[in-house]
1. Kindly indicate whether Gly185 is touching a residue at least 24 places away in the same chain (Cβ under 8 Å), within 21 Å of Gly97 (Cβ to Cβ) and surrounded by 18 or more Cβ atoms within 10 Å (Cβ to Cβ).
2. Is it the case that some residue within segment 126-141 is closer than 22 Å to Ile114 by Cα, among the basic types (Lys, Arg) and touching a Leu at 6+ places or on another chain (Cβ under 9 Å)?
3. Can you tell me which of (1) over 30 Å from Tyr238 (Cβ atoms); (2) loosely packed, with under 11 Cβ neighbours inside 10 Å; (3) at pLDDT below 80 is the one Gln92 doesn't meet?
4. List the pairs whose first member sits in segment 214-240 and is crowded, with 19+ Cβ neighbours inside 10 Å, whose second member is modelled with pLDDT under 90 and of a type in the set (Lys, Arg), and whose Cβ atoms are under 7 Å apart, counting only residues at least 6 apart or on separate chains?
5. Asp170 fails exactly one of the following numbered conditions: (1) loosely packed, with under 14 Cβ neighbours inside 10 Å; (2) under 23 Å from Leu217 (Cα atoms). What is the number of that condition?
6. Please find, within segment 211-228, the residue that is nearest to Gly124 (Cα to Cα) out of those that are among the hydrophobic types (A, V, I, L, M, F, W, C) and touching a strand residue (DSSP E or B) at 6+ places or on another chain (Cβ under 7 Å).
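The values are calculated or read from the model by the stated rules, or taken from the named source; none is laboratory data. Just so you know, these numbers come straight off a predicted model, no measurement behind them. Every residue, glycine among them, receives a Cβ derived from its backbone with ideal geometry; neighbour counts consider all protein chains shown.
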Amino acid sequence: MSEPTSLRGVIVPKYQRVREALRADISRAAAGTLIPSEHELCAIHGVSRITVRRAIDDLIRDGLLTRLHGRGTVVAEAPGPATTAAPRGGEQMDLRGFHRQMTAEGHRVTSRVIAQGLVLAPPGIAAALGLEPGSQLVRIDRLRSVDGTLDHLTCAWLDAERFADLVDQDFSDQSLYEYLEVCHGISMRRSDVTVGLRRPSGDEAERLGIAPDALRLCTTSTTYDPGGRPRLHGTTLYASETALARFSVVSAT
């Protein structure tokens, strides 16, 4: 079996290590290939059956494995194009996340986590993530500064059933997108973004150090994996009255 990757400085739960080792093997296997039994996987990785089952269940939810009655668990057929897949030319998009993008441009990014935990999904956010209202979500709120100047307040919501481990991670100095890539094997392919102006709530105004009646740039986004599944919903409210939103528009032809 392949050795799973890990993110330096992050303790990766056992089930994630098993899952990512399986994911690497699946990527090289033909559809219908039988994976080792749970008993064999326990022996290979030195973990409990509960750990193995959790890893397999994650991969089944991701559409990579299928359980067949009387046979076992096999590599699933590759999915056809999803109805929400990126438009032609979308494969050229580079969704690295704010932290990695700004760092690559030579800026110093610092974050202060002000809230992190489990919440119940409001209807609008549940719909954006393809979940039922009241589903459990992981919510992470951060104040971010660029080169020592407060830049924005960002809030991220993810499905807690799939990403419960995020509750225990420290995102004050690491990229959420990078963590999802390395520890969950999920890269982002497309993001639907709405840009507008709004006034902050009382808490937002206090955190950003702005007047409650000030209009500020706000973005709302839902970000999708290569299979078209919504993985991350987020909002960003900017501190500066001169904040700009930058886009690259690529022709579909």
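1. Numbers: touching a residue at least 24 places away in the same chain (Cβ under 8 Å): yes; within 21 Å of Gly97 (Cβ to Cβ): yes; surrounded by 18 or more Cβ atoms within 10 Å (Cβ to Cβ): yes.
Taking the combined requirement at face value, the residue satisfies it.
2. yes
3. So Gln92 meets the others, but not (1).
4. Tyr224/Arg189; Tyr224/Arg190; Asp225/Arg189
5. So the condition that Asp170 fails would be (2).
6. Checking each candidate, the answer is Cys218.
Yes/no matrix, rows are residues, columns are (1) surrounded by fewer than 18 Cβ atoms within 10 Å (Cβ to Cβ); (2) at pLDDT 85 or above:
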{"position": "Asp62", "(1), (2)": "no, no"}
{"position": "Phe98", "(1), (2)": "no, no"}
{"position": "Glu105", "(1), (2)": "yes, no"}
{"position": "Val113", "(1), (2)": "yes, yes"}
{"position": "Pro133", "(1), (2)": "yes, yes"}
{"position": "Ile140", "(1), (2)": "no, yes"}
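Residue-wise test of (1) surrounded by fewer than 18 Cβ atoms within 10 Å (Cβ to Cβ); (2) at pLDDT below 90; (3) in a helix (DSSP H, G or I).
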| site | (1), (2), (3) |
| --- | --- |
| Arg8 | yes, yes, no |
| Gln16 | no, yes, yes |
| Ala31 | yes, yes, no |
| Leu41 | no, no, yes |
| Ile44 | yes, no, yes |
